[in-house]
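A short write-up of the structure that comes next.
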Amino acid sequence: MRVLGIETSCDETAAAVVVDGRELLSQTIASQIETHTKFGGVVPEIASRQHVQAVTRVVLQTLSEANLTFTDLDAIAVTQGPGLLGALLVGVSAAKGFALATGLPLLGVHHIAGHVAASFVGTSLQPPFLSLVVSGGHTELLTVDEHFCFQTLGATKDDAAGEAYDKVARLLGLAYPGGPKLDVLAATGNPTAYHFPRSVLGEGSLDFSYSGLKSAVANVLARQRREGREVCVADVAASFQTAVVEVLVDKATMALQQTGLSTLVLAGGVAANQGLRQALHQQSQKLGFQLVVPAVELCTDNGAMIAAAGYWLYKAGRFSNLELNATASLPLVTWQTGMGVDNDEGLLVEKVELGRISPL
Ligand code: KG4
Ligand code: ZN
């Protein structure tokens, strides 16, 4: 089954074609990083406009690189939320337009479900498993079952891990997006130079909190600068990264123990972090669980993860219809049940036979 995936939730216009949720045929990513770097972060209005300019070209280029046309596809999957509303609307409108014109089934994908599905690409991974999702907007521990249904075990109470990376990177004078730059810098610093707080949030808790850590870094930097002491940014980066990674590894380990699951899937943009990948690898060797980590280019936002998730939705008959709408803060549970969305009947109901939308 060939699924086209379209992703426009933030600052990448991305598309890909994936076969049976596992084999990547082609993918295109038009990044807006250069534009937003001038502003030190993503400017939503500009992001939407650039998605409008790029989306058709990105989709057509992806099909052409796979030597396919729309008639060779089985479905179109698109990120419906969460993300920047204007940005999401561009992808959703484009996907609806393509579905309407071609009669292909439409599948609305939750962005986090997409990140998790990236782990199926190029692997033989089978649910059930535990997933640690760490991105710019999310830090969550989830169970994923055989039907690609999710249960949230823990989530961040404030900032997401990637957000903390970007904010601390900015404090250290690194340009947007700071996470990957901080990662490189951390590899050259002393991880025990500073002891930053590890937020545990009570015994057995699988929730996360990063705002205290970010403030602790800000305070140390302010104090050192006030006292005229030179700040070794590499040491601060390494110590910060150690604090983040330690909590992520500890809580993921605890979740494996609590659920009895033996496979951990790392997902989301921060899954590209070398320190986190290494620490989880060591932990998996020590404790003997299976660790699945997507290739670095599939960790940050891309179309392949949306196409891969679309395959699972197709298999489960979880089709969308032309009432599919972009939702900026779409809870995973709402998306799964199709309840509480603007559409009375829910987004996941199969309105048209086999989810197919009749061409005009
Ligand atoms: O998943 P993603 O591409 O977008 C969201 O869904 O949010 O994640 C982007 C986040 C950004 O905060 C970025 O700084 C962070 O992932 N990130 C990293 C690394 N690569 C991306 N953080 C730490 N180390 C990295 N190597
Ligand atoms: Zn993402």
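Given the convex hull of the Cα atoms of segment 128-293, what is a quarter of its surface area in nm²? Can you show the working numbers first?
On the way: hull surface 37.5 nm².
Approximately 9.4 nm², given one-decimal rounding.
Please give me, ordered by residue number, the chymotrypsin sites (Phe, Trp or Tyr not before Pro) of segment 8-114 that lie in loop per DSSP and have at most 12 other Cβ atoms within 10 Å. Write down the numbers at each step before the final one.
Numbers: sites: Phe39, Phe70, Phe98; in loops: Phe39.
Sparse-neighbourhood loop chymotrypsin sites (Phe, Trp or Tyr not before Pro): Phe39.
State the extension gain, in nm to one decimal, for the chain segment bounded by Glu34 and Arg223, taking 0.36 nm per residue of separation less the distance between their alpha-carbons.
Numbers: separation 189, 0.36 × 189 = 68.04 nm, distance 3.29 nm.
Here the answer is 64.8 nm.
From the C-alpha gyration tensor of segment 80-217, pull out the three semi-axes of the equivalent ellipsoid (sqrt of 5λ each), sorted largest to smallest, in whole Å.
Values: eigenvalues 216, 84, 42 Å².
So the three semi-axes of segment 80-217 are 33, 20, 14 Å.
Please state the Cα pair-distance histogram of the chain with 10 angstrom bins from zero: what percent is in each bin?
6, 25, 32, 24, 10, 3, 0, 0
Under a point spin-label approximation (7 Å from Cα along Cα-to-Cβ), what is the Ser211-Asp250 distance to one decimal in nm?
2.1 nm
Tell me which lysines have Cα within less than 18 Å of Lys96's Cα, excluding those fewer than 8 residues away on the same chain?
Lys351
Run the reach check for Lys157 against aspartates and glutamates, Cα to Cα strictly under 13 Å, same-chain hits fewer than 8 apart removed. What comes back?
Result set, ordered by chain and number: Glu140, Asp207.
Would you mind computing the Rg to Rh ratio of segment 138-178 from its alpha-carbon coordinates, Kirkwood style for Rh? Don't skip to the end; give the middle numbers.
Details: Rg = 14.6 Å, Rh = 11.9 Å.
With Rh from the inverse mean 1/r over Cα pairs, Rg/Rh is 1.22.
Suppose every K and R has +1 on its Cβ and every D and E has -1 on its Cβ; what is the size of the dipole of the chain about the Cα centre, in Debye to the nearest 20? Write down the numbers at each step before the final one.
Values: 23 positive and 33 negative charges, 154 e Å.
Around 740 debye, computed over the chain.
Mean Kyte-Doolittle of at least 0.5 plus a Cα span of 27 Å or more along the axis: flag which DSSP H helices in the chain meet both, please. Kindly include the intermediate steps, with their values, before the conclusion.
Numbers: long enough: 44-65 (30 Å, -0.08); 233-259 (39 Å, 0.76).
Both cut-offs are met by 233-259.
Return the subset of Lys38/Lys167; Lys181/Lys214; Lys214/Lys251; Lys214/Lys286 for which the Cα-Cα distance in this structure is over 23 Å, preserving the input order. All intermediate terms of the calculation are to be shown ahead of the outcome.
Values: Lys38/Lys167 16 Å; Lys181/Lys214 17 Å; Lys214/Lys251 19 Å; Lys214/Lys286 30 Å.
Where the Cα-Cα span goes over 23 Å, the pairs concerned are Lys214/Lys286.
Answer rounded, prolate or oblate for segment 119-192, using the Cα gyration tensor with square roots of eigenvalues a ≥ b ≥ c: rounded when a/c is under 1.5, else prolate when a/b is larger than b/c, else oblate. Display every interim value, and only then the final one.
Details: a/c = 2.83, a/b = 1.98, b/c = 1.43.
Prolate is the answer for segment 119-192, as a/c is 1.5 or above and a/b outweighs b/c.
Loop-only GluC sites (Glu not before Pro) in segment 141-222, please: DSSP not H, G, I, E or B, and at most 12 other Cβ atoms within 10 Å.
Details: sites: Glu146, Glu163, Glu203; in loops: Glu146, Glu203.
Those satisfying the criteria are Glu146, Glu203.
Under a GNM of the chain (C-alpha, springs under 10 Å), which listed residue has the highest mean-square fluctuation: Lys38, Lys181, Lys286?
Lys286
For Glu45 and Thr259 in the same chain, what is the full-extension length gain: residue separation times 0.36 nm, less their Cα-Cα distance, in nm? Don't jump to the answer; show the numbers that get you there.
Details: separation 214, 0.36 × 214 = 77.04 nm, distance 4.22 nm.
So the extension gain works out to 72.8 nm.
Give me the extension gain from Thr188 to Asp72: residue separation times 0.36 nm, minus the current Cα-Cα distance, reported in nm with one decimal.
Taking Thr188 through Asp72 to full extension adds about 36.9 nm, to one decimal.
Bear in mind that the values in this text are calculations on the coordinates, not laboratory data. Worth saying up front: this structure is predicted, and the values here are computed from it rather than measured. With ideal geometry, Cβ positions are generated from the backbone for all residues, glycine too; neighbour counts draw on all protein chains shown.
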